[in-house]
Structures are given as structure tokens and as C-alpha cells.
Amino acid sequence: MKIPKKSQHIALAIAMLVSVVGLPTVAGAATTSTTINSAISSVISVFTSNGTVTANVTPTGAGAQTIASDTLTVSTNDTLGYTLQLADSDATTTLTSGANTIAASSGNQTTPVAQVVNTWGYRVDGVGGFGAGPTSGQSSAAISGTIKFAGVPANASPNTIKTTATTASNDTTTVWYGVAANTTQPTGTYSDTITYTATAN
Amino acid sequence: MRKVFWGKLTLGVFALLVLGGMTQNANAASGGLTISPTSADVKVEPGGTYKGQMLVINQGELDINYKVYATPYSVNGEDYKPYFTSVPHATDITKWFSFGYAGGSLKIGNQDTIPYTITVPKDVGAGSYYGTVFAETEDKGNAGVITRKRVGMVVYIRVLGAATEKGSVSSWDVPWIQEAPFNATLKMANEGSVHFQAKVKVRVSDLFGGTKFTYERDPEIIPQKIRKIPVTWENGATFGLFKVDGEVNYLDKTEKLPTRIVFIANTPMRLLTVGMLLAFIAIVVVLGRKRAVASSKK
């Protein structure tokens, strides 16, 4: 049976009308509200530019000093900020090479001192009694009478080197290490291990 | 023309090398680790256990070796300076922790899930106990200063049972005149036997009520300690008169903080403000006298 063209056109027009009118109705019927929940976990990270800070010294009779830096980078999304501490990894705070040692500086974070021969220490510009600096690196130069250092504390009594009160993104802190030696210090490869601790507040 | 081209090209290549070199230097290969979460609040019955997990992620530029372990946690002073060594006569809770995986090697971009279990002995009294779970790099070397990095998740454990929950706002200090950045200090005291979380909200608004700065934090307050909570508006207004109000939610109650008015200005602006006030007063006095003279002549 042949359907007249006119009827075909009418049927097509009705079908289009139904689809146009009907589609939004179908879409409307499927509409629903969705609540999206997303808990963002707290994170904290700490990185350093060096796993080992090399501060080699070629000693002189009067004493020579090498100052080298380590840069720490801390990030956290904890809104209370973070605390960064520094301490020796154990209770022995000397630089050691076999039976020989280089003593820790007699200064502390509150009252740091200029280095004397055959000692080592750390400083962080602008923290405690270190002064604003800025400190710059040097290699086997004359011992500075103005740049002050503290002995690295034992693991049981860490020094706080930064406290923040809000989130941090790649927040950097530069720690300077100084080693001073004269020719009485026996040759050797001296080392000690430091632990940086970062915790959210 | 050709010389100019080659000159510009050389300059461009030089600039690229310098900038490239600087960028590379700024992002020098770094080693370290990331953990998540940064704290855990745990409630356990005496004799009960709690199972949790911590993520250790290597987002650095070097493969690392690391270890996981627990230490005690205590704070000192109102700044809550953290300590991770045992306190005399305090319960050593590090023995309560056991780890499903205690570290190993972690390649760049990878992460480990560290399952841990806290087992509370039966004879432990109700109250608060604290520990820190550390992930620490195991950097090795034999020369110079070898640096290890560790990040800690503080675990606040409440052993359930009879306990005293008591706290208060110890002080709310907002200097009425100050230089930028705006700062205020809230001190929360915990006079009870268990820790609680304080939800602190502070709002700085202009005199027309428009909010200029909001501060929201949820610090933990440890028993028998006062915690200083600094409120700082970094990169905020450097000049103006503002209203400061807020509230603290803790232990199922809400305490409104007294509203304060603050004048923020640096020294030159303070002098300028005082000068303008004096000038205004002088003008008013002079005009007043002129009027008085004019009216007396009439």
C-alpha cells in the first residue's frame, strides 16, 4: 500500500514536533541533584637540595673556614602551618673520622659564637641570635669573626629553625654549615648525620 | 642586517642558556618525602585496637630509602614546641604501634601505603596519649654533613572511659593600634584530662560590615596546657579602621569573642592621621572664634 506523499510529510512533521517537544520533557524527567563531597587530605613534605653537605677544608696554621649551605623546602596544606627542627641524629655531636673528631661549636641557637679552630656548627639567618646575615659560602678562607655559629644539638633536644602559622608551598629555609680547622687537626674524612624534622602544627 | 640578525640570535641563545641554567639550578635534584595525613585523631577502648594507614610519597627527584617508626609526642610552652623523645614517668606508647610495612626503597613518583595498628593495653587508664609516626629517609655517606629528612604524623589517642572534658578561652588579645600585618592572639586552655579540638573563626571587617579577612583553624588543645593561636592577616590592609570579631566552638559549646576595633597604620600614616586631626581641630577652633568675633561685633 502506497502512502500518499502529503500524509508522509504530515507524519514526519508530527514526529519532529513530538521529538522536539518530547526531548526536553525526557531530559527534564531525568534531572536530579547530586551532592559532590571531596575530603582533601592533609599532606606535608620536606626536601633538601643535598643528601650530603660537603665542607672540605684546607687548613692553615691560623685556621681556615669553609661555609656551605643546604636548602630545605617544606610544603603543607595544613592550615595551622608547620614546625621545622634540626638536630643531630644521635647524642654524639662531633664530626668524626675514625678516632679523630672535630668538636661542635660552643655556641647555641640563642647565643651563637664566632667559630674557633677545629670546631663545626650551623646557622640560619634571622633565627635566634644568628643575626640577619646574609651568609655567603666560602672555601678554606680566613675564619670570620662576625659570622656566628651554634653547635648542632643532640637528638634529644632539637632546635626549631622555623615555625609557620598557615599553609606553605615550597617554603625554603637555608641552613649554613661551617667547619674551621688549623693544621693541628689530623687529616681525614670527617662526617656526622643531621636529621631535619617537619611536622604540621 | 645579517650581523644584527646573528647578534640577536646569539643574545637570544645566551639568554636561553642563562635562564635555563638558572631554572635548573633552582630545581636542583632534591631528595625527600611526603606523607599524608599529617595527624590522626583516634578513639580506642582499653584493650582495643585501631587500624589506620599513612601514605608515604616520593615527589622528589631522587629514589629514596626510608624507614617508618613511632616516637612519643609532647609539646612545650604555649607555642606548642614539639618534642619526640620520651617524657619521664609518661606512658611509652611507641610499644602500642605496629606496622604492616616499615619502609624500604621508593622510586620517584611512587607511593607506599603504610598500615599501622594501635593496640591499647587493657590496664591503661582513660585519657589522652600522643605519639608520632615518622617516615625518615635513610641517606648514607661517609664525608661531610649527611642530612636525613623526616616528616611526622601526630597521633592523638583518646582511651575511652571516665574523663574530664573542660576548656576555656584563656585570653583574646587584639592590640587596638598596630602596623600591618594585622595580628591577634587567642589562647585556649584545656583544664580537663582529654584533648579536644577547638574550631576558631575570626573575622575582620570594615566599619560598614564588609568582610575583609577570615581566619578558620581547628587546633588540638592538649590537657593541662594553654595553646597560643596566632591570627595573622598576611598581605592584608596596611591602613584603616577595622572591626574584629569571632567565635570558638569547643566541647559542644560556642563562645563569642569580644568585638574589638583596630586601627592599622604604619608610623608615617599614624603621624599623618594625627596631623590631619589636629588640623581639623584647629580649623574648627579658628572658625568658631571668627564666628564669635563676628557675632560680638553685631
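None of the figures in this text is laboratory data; all of them are computed from the coordinates on show. Predicted, not measured: the structure shown is a model, and the values here were computed from it. In this analysis, Cβ positions are derived from the backbone assuming ideal geometry, glycine residues included, and neighbour counts consider all displayed protein chains.
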Correct semi-axes for chain B, from √(5λ) of the alpha-carbon gyration tensor and rounded to whole Å with the largest first, are 51, 39, 14
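Check each of the chymotrypsin sites (Phe, Trp or Tyr not before Pro) in the stretch B:83-166 and keep only those in coil by DSSP with at most 16 other C-beta atoms within 10 angstrom; list them in order.
For chymotrypsin sites (Phe, Trp or Tyr not before Pro) across the stretch B:83-166 that sit outside H, G, I, E and B with at most 16 neighbouring Cβ atoms in 10 Å, the list reads B:TYR101.
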For the stretch B:34-159, the percent of all C-alpha pairs falling in each 5 Å bin, from 0 up to the bin holding the max distance, is 2, 10, 20, 21, 17, 14, 9, 5, 2, 1
Given unit charges at Cβ for Lys, Arg (+) and Asp, Glu (-), the dipole magnitude of the protein assembly as shown about its Cα centre in debye, nearest 20, is 2520
Quarter of the surface of the C-alpha convex hull for the protein assembly as shown, i.e. direction-averaged projected area in nm², equals 55.1
Loop-resident GluC sites (Glu not before Pro) in the stretch B:233-263 with no more than 13 other Cβ atoms inside 10 Å, DSSP not H/G/I/E/B, are B:GLU234
Between A:ALA103 and A:SER191, the two model label points (7 Å from Cα along the beta-carbon direction) sit apart by a distance in nm of 2.5
The distance between the Cα centres of the stretch A:94-165 and the stretch B:87-107, in whole Å, is 31
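How crowded by other chains is A:185-198, given as the mean number of beta carbons from other chains within 10 Å of each beta carbon?
Working: counts 0, 0, 0, 1, 4, 4, 6, 3, 7, 6, 9, 8, 11, 8.
Taking all residues of A:185-198 together, the mean is 5.
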Counting Lys and Arg as +1 and Asp and Glu as -1 over every other residue whose Cβ sits under 12 Å from the Cβ of B:ARG158, the net charge comes to -3
Among beta bridges assigned by DSSP with both residues in the protein assembly as shown, the antiparallel ones amount in percent, to the nearest 5, to 85
Measuring from its Cα centre, the stretch B:34-159 shows a charge dipole (+1 at each Lys and Arg Cβ, -1 at each Asp and Glu Cβ) which, in debye to the nearest 20, is 160
Mean other chain Cβ within 10 Å across A:67-77 is 2
Relative contact order as a percentage, the stretch A:44-200, C-alpha pairs under 8 Å and 6+ apart, gives 41
Averaged over the residues of A:80-91, the number of partner chain Cβ atoms within 10 Å of each residue's own Cβ comes to 3
Checking the stretch B:197-298 for chymotrypsin sites (Phe, Trp or Tyr not before Pro) in a loop per DSSP with at most 10 other beta-carbon atoms within 10 Å yields B:PHE208
